[in-house]
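The values are calculated or read from the model by the stated rules, or taken from the named source; none is laboratory data. Quick caveat, the model's predicted, so the values are computed rather than measured. Ideal geometry is used to build each Cβ from the backbone, glycine not excepted, and the neighbour counts take in all protein chains shown. Note: areas computed on protein heavy atoms with side chains; ligands, DNA, RNA excluded. Shrake-Rupley method; radii C 1.70, N 1.55, O 1.52, S 1.80 Å.
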Amino acid sequence: MVIVRLYASFRQLAGVRDMEVAVPTEGTVRDVLRQLVELRPALAGRVLDNGKVPKFVLVFVNGRDIRHLEGLDTPVGADDEVTIFPPLAGG
């Protein structure tokens with residue numbers, strides 16, 4: 001199981017901060033996000049939109065930004081943590 005930690009508006013939409021998501025043995029971030037949307041439909045189009053992470057959404061695996069890893073193809077496994085931040089505004 002992968003732990004998914006949601007922040008700000010994503011936490012509100014999902015109704016939870018942390019949840020466990022089952023992924024295949026050789027799972028990827030894409031698998032995690034698809035499963036997350038299936039479990040929490042309110043996140044559809046927000047964490048994964050047409051197969052891509054929306055532009056200003058940040059996704060980390062074990063504290064590392066997936067943009068600097070293998071993107072949605074970044075491998076994940078048991079005991080990994082995927083953290084998702086919604087777009088933030090302010091100054």
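Considering only residues that are within 16 Å of Leu58 (Cα to Cα), touching a residue at least 24 places away in the same chain (Cβ under 8 Å) and open to solvent by 20 Å² or more (accessible area, probe 1.4 Å), which ones fall in segment 4-27?
Arg5, Tyr7, Ala8, Ser9
If you go through segment 28-47, how many residues are in a loop (DSSP other than H, G, I, E, B), open to solvent by 30 Å² or more (accessible area, probe 1.4 Å) and free of Cβ contacts under 8 Å to residues at least 40 places away in the same chain?
2
Kindly indicate the residue of segment 22-49 that is in contact with a Gly (Cβ under 9 Å, 6 or more places away or on another chain) and aliphatic (A, V, I, L, M) and also farthest from Ile66 (Cα to Cα) among those meeting that condition.
Ala42
Out of segment 48-86, which residues are in a loop (DSSP other than H, G, I, E, B) and open to solvent by 80 Å² or more (accessible area, probe 1.4 Å)?
Asn50, Lys55, Phe56, Asn62, Glu70, Asp79
Would segment 74-89 turn up any residue that is in contact with a Phe, Trp or Tyr (Cβ under 9 Å, 6 or more places away or on another chain) and over 15 Å from Ser9 (Cβ atoms)?
Yes, segment 74-89 contains at least one residue that is in contact with a Phe, Trp or Tyr (Cβ under 9 Å, 6 or more places away or on another chain) and over 15 Å from Ser9 (Cβ atoms).
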